[in-house]
1. From (1) more than 22 Å from the chain's Cα centre (by Cα); (2) farther than 20 Å from Asp36 by Cα; (3) part of a helix (DSSP H, G or I); (4) in contact (Cβ under 8 Å) with a residue 24 or more places away in the chain, pick out the condition that doesn't hold for Asn86.
2. Of all residues in region 215-239, which are of a type in the set (A, V, I, L, M) and modelled with pLDDT of 90 or more?
3. Output the residues belonging to region 158-172 that are in a helix (DSSP H, G or I) and either crowded, with 19+ Cβ neighbours inside 10 Å or on the phi > 0 side of the Ramachandran plot (or both).
4. What number goes with the only condition from (1) assigned to a helix (DSSP H, G or I); (2) farther than 18 Å from Ala130 by Cβ that His200 does not pass?
5. In the list Gln97, Gln53, Gln64, Gln72, which residue meets the criterion of being polar (S, T, N, Q) and farther than 30 Å from Thr15 by Cα?
6. Within region 1-26, how many residues turn out to be assigned to a helix (DSSP H, G or I), of a type in the set (A, V, I, L, M) and either modelled with pLDDT of 75 or more or surrounded by 13 or more Cβ atoms within 10 Å (Cβ to Cβ) (or both)?
7. Would you mention how many residues in region 44-57 are at pLDDT 90 or above and surrounded by 15 or more Cβ atoms within 10 Å (Cβ to Cβ)?
8. Of all residues in region 235-251, count the ones that are in contact with a Lys or Arg (Cβ under 8 Å, 6 or more places away or on another chain) and among the hydroxyl-bearing types (Ser, Thr, Tyr).
Amino acid sequence: MNKSDKLKLSEFLETLHHLSRHTQIAYEHDIKLLLDYCNINGISSWKNLDGRQVSAYIASRHRQGIGGKTLQRNLSAIRAFYRYLNKLGHTPNNPAQGIATPKTEKKLPKTLDVDQTVQLVEINDSNPLAIRDRAILELIYSSGLRLSELVNLNLDGIDLSEALVTVTGKGKKIRKVPVGVKAISAITNWLNIRSDFVNHDEKALFVSQRGSRLGARSIQKRIGQWAIKQGLATDVHPHMLRHSFASHILESSSDLRAVQELLGHSDISTTQIYTHLDFQHLAKVYDKAHPRAKKQN
């Protein structure tokens, strides 16, 4: 590539100020990798890169063990760069348009079974922080909240009389989710002592010892510690409780649309991953129970 082409790349990177710093760095890295590929393969100008060569580049990355998500981002960066070049009239087309990335196997979310979940959330401790933490655990599992939704939850977001919690999810979408009896009891216990922590007009439902809104990292850390204290043989994080909520509801009801609404998924395909978890559960039951499924010795 000549100096003019490298200058175009530099100018393009300056237009990415609307993206997060993390994405800007990733895009710069992606385009520079493509530039290295072009130099190695004798492609002298951005104008000379075609769809076949972009496909070959992505295929070479895939052979190196690069995962599907990273390859998708690679292509997004290339498409964005060529949209910039097209707009300025430097290139006639977008060679990355229409190119698909190799499919990667979806990883199923880890969940706790019902017994493990009960073992985790039933904290029998009168310590004020333990009372708060039980309320947190019960609410996440009861209502399938995201960690960010829990952190941002204010006092006026919980209606104990109606057994509802109102949260703001992704895309600032507001949804109401039922709260179970066990969670209501745990939250009531916490509210009875919450004022001992708060010395000012703090709106957050869950606060730290200092009386300020409890942060995401603190919640993650506390849940991990409780998993150890409660004798679970696996690492536990907040999202695992959300996954467990979805899986257990689906196992009992088989109502995918209802689970989608409860989780606040805009696309049901996101929720469908829990049907695979449900099938795994059914397969285990089948293997244990069906007389013709058991392996013969």
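1. Against the list (1) more than 22 Å from the chain's Cα centre (by Cα); (2) farther than 20 Å from Asp36 by Cα; (3) part of a helix (DSSP H, G or I); (4) in contact (Cβ under 8 Å) with a residue 24 or more places away in the chain, Asn86 comes up short only on (4).
2. Listed by number, the residues that qualify are Ala216, Ile219, Ile223, Ala227, Ile228, Leu232, Val236.
3. Of the residues in region 158-172, the ones in a helix (DSSP H, G or I) are 170-172.
Passing the criteria: Gly171, Lys172.
4. (1)
5. Numbers: Gln97 fails: farther than 30 Å from Thr15 by Cα; Gln53 fails: farther than 30 Å from Thr15 by Cα; Gln72 fails: farther than 30 Å from Thr15 by Cα.
Of the residues listed, the single one that is polar (S, T, N, Q) and farther than 30 Å from Thr15 by Cα is Gln64.
6. Step one: filter region 1-26 for residues assigned to a helix (DSSP H, G or I), giving 3-18, 21-26.
Cutting the leftovers down to of a type in the set (A, V, I, L, M) gives us 7, 9, 13, 16, 25-26.
Narrowing the set further to residues that are either modelled with pLDDT of 75 or more or surrounded by 13 or more Cβ atoms within 10 Å (Cβ to Cβ) (or both) leaves 9, 13, 16, 25-26.
Residues in region 1-26 being assigned to a helix (DSSP H, G or I), of a type in the set (A, V, I, L, M) and either modelled with pLDDT of 75 or more or surrounded by 13 or more Cβ atoms within 10 Å (Cβ to Cβ) (or both): 5 in total.
7. 5
8. Counting residues in region 235-251 that are in contact with a Lys or Arg (Cβ under 8 Å, 6 or more places away or on another chain) and among the hydroxyl-bearing types (Ser, Thr, Tyr) gives 0.
The values are calculated or read from the model by the stated rules, or taken from the named source; none is laboratory data. The shown structure was predicted, so the numbers you read here are calculated from the model rather than taken from an experiment. Backbone-built Cβ (ideal geometry, glycine too); neighbour counts: all protein chains shown.
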